[in-house]
Amino acid sequence: MNPELVGRVFDATTPYLVGREKVREFARAVFATNPVNLDVDAARAAGYADIVAPPSFAVVVQEQTLAQLLSEPDAGIDFSRVVHGEQRFSFTRPIVAGDLLTAVLTVASVKTLAGNSMVTALSDITDSDGRHVVTASSTLVVRGDA
Amino acid sequence: MTAAELNPAAATNVGPGNLTDDAVLAVGDVVAGAVFPITRDSLVRYAGASGDFNAIHYRDDVAAAVGLPGVLAHGMLTMGLAVQPVIDWLGDPGRVLDYQVRFTRPVVVDPVEGAKLIVSAKVGKITPEADAAPATADAPATAATPATARIDLTVTYNGDTVLGKAQVVIALAGR
């Protein structure tokens, strides 16, 4: 993996419109049962504009940025050798249906350990007002030659 | 879920929306838990919902070709479901401020038997609210911060933990 990736900032992604039925579909897929994730009236009663996405829904928006990283011509990342090592979501507020979200990936670190490479990428996700919603952080392990 | 699997002797607050604003939490309290029987159907559903169509999550031949012991659950499915008992306890997914995991062991999902994931959540740390502080000669100004708790998740499959450092930081006061 190319160590000069550290600090590289990628182009902002095409805005992602968070659909209500997509949130429901995702919520069911992660076994979410809370009414705030599924029912508009329950979400509004809890103070939200619409149903709230489960925390890990942010990965759907983040995924656009990871695709940019993996396809970067000089990154030297062999996708067939990539293993997901760590994941983190740090929220300013939860994602809500109706949000229009844009993500910008920054490469935070590149390390080599015992023949494997590790890249940590931070994807800052902001809403249509430019306000921070959540930062999604992934550490990807690229296995070296066995 | 069954009570025996959750160690009910320790689970004092288990149940939806049971975290009230005047609840007294202590480090070590088991606050939530659940058992998730996942199947190949669960993996297909998650693939569609998330857009992660890596074939190791639904094709035995592809999993075998890359040296895996079988079709694996998406790590992000495990992460996504493991926090749900905490959200049910909180009663509001918006109270999750930070959530992190390490993927330490794969979850093989048998085509017939599926796989059973057991989640237990306990209080790891409590941080009281702090008032804003003006800058001093030694330190910059700090903003006021709300009271939070770190909830530590244990997720097991066939008796082994599959996530490491699985931590959820929650707001202790509701909206």
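The values are calculated or read from the model by the stated rules, or taken from the named source; none is laboratory data. Because the structure is a prediction, the values reported are computed rather than measured. Every residue, glycine among them, receives a Cβ derived from its backbone with ideal geometry; neighbour counts consider all protein chains shown.
Quickly run through the range A:23-47 and pick out the residues that are on the phi < 0 side of the Ramachandran plot, facing chain B (nearest Cβ under 7 Å) and assigned to a loop (DSSP other than H, G, I, E, B).
Matches in the range A:23-47: A:Val30, A:Ala32, A:Thr33, A:Asn34, A:Ala46.
Right, A:Ile95: within 12 Å of chain B (Cβ to nearest Cβ) and under 14 Å from the mean Cα position of the chain (by Cα) or not? Break it down into steps so the answer makes sense when it comes.
On the way: within 12 Å of chain B (Cβ to nearest Cβ): yes; under 14 Å from the mean Cα position of the chain (by Cα): yes.
Yes, satisfied.
Table: residues versus (1) assigned to a loop (DSSP other than H, G, I, E, B); (2) of a type outside the set (S, T, N, Q).
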residue: A:Glu4; (1), (2): no, yes
residue: A:Asp11; (1), (2): yes, yes
residue: A:Glu21; (1), (2): no, yes
residue: A:Thr65; (1), (2): no, no
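Does any residue of the range B:38-55 turn out to be part of a strand (DSSP E or B), at the interface with chain A (Cβ under 9 Å from one of its Cβ atoms) and either at positive phi or among the aromatic types (Phe, Trp, Tyr) (or both)?
From the range B:38-55, those part of a strand (DSSP E or B) are B:38; that's our starting set.
Among the residues that remain, those that are also at the interface with chain A (Cβ under 9 Å from one of its Cβ atoms) are: B:38.
Filter once more, keeping what is either at positive phi or among the aromatic types (Phe, Trp, Tyr) (or both): none.
No, because not a single residue in the range B:38-55 is part of a strand (DSSP E or B), at the interface with chain A (Cβ under 9 Å from one of its Cβ atoms) and either at positive phi or among the aromatic types (Phe, Trp, Tyr) (or both).
Report yes if some residue within the range A:95-104 is of a type outside the set (A, V, I, L, M, F, W, C) and at pLDDT below 95; otherwise report no. Please lay out each step first, then the result.
Going through the range A:95-104, the residues of a type outside the set (A, V, I, L, M, F, W, C) turn out to be A:98-99, A:102.
Checking which are at pLDDT below 95 leaves us with none.
So far as the range A:95-104 goes, no, none of its residues is of a type outside the set (A, V, I, L, M, F, W, C) and at pLDDT below 95.
Which members of the range A:48-78 meet the condition of being within 22 Å of A:Ser90 (Cβ to Cβ), without any contact (Cβ under 8 Å) to a residue 40 or more places away in the chain and more than 9 Å from every other protein chain (Cβ to nearest Cβ)?
A:Ala67
Could you tell me which of the residues B:Val35, B:Val109, B:Val123 is farther than 28 Å from A:Asp50 by Cα, more than 11 Å from chain A (Cβ to nearest Cβ) and under 13 Å from the mean Cα position of the chain (by Cα)?
B:Val123
If you scan the range B:67-88, which residues turn out to be of a type in the set (Gly, Ala, Ser), within 11 Å of chain A (Cβ to nearest Cβ) and not in a helix (DSSP H, G or I)? Show your work before the answer.
Of all residues in the range B:67-88, those of a type in the set (Gly, Ala, Ser) come to B:67, B:70, B:73, B:75, B:80, B:82.
The next check asks that each one be within 11 Å of chain A (Cβ to nearest Cβ); those that pass are B:67, B:75, B:80, B:82.
Within the range B:67-88, just B:Gly67 meets the criteria.
Which of the residues belonging to the range A:108-146 are small (Gly, Ala, Ser) and either on the phi > 0 side of the Ramachandran plot or not in a strand (DSSP E or B) (or both)?
Kept after step one, since they are small (Gly, Ala, Ser), are these residues of the range A:108-146: A:108-109, A:114-115, A:117, A:121, A:123, A:128, A:130, A:136-138, A:144, A:146.
Within the range A:108-146, A:Ala114, A:Gly115, A:Ser128, A:Gly130, A:Gly144, A:Ala146 qualify.
Would you point out which residue out of B:Ala115, B:Ala64, B:Ala121, B:Ala137 is loosely packed, with under 14 Cβ neighbours inside 10 Å and outside any loop (DSSP other than H, G, I, E, B)?
Checking each option against the conditions leaves just B:Ala64.
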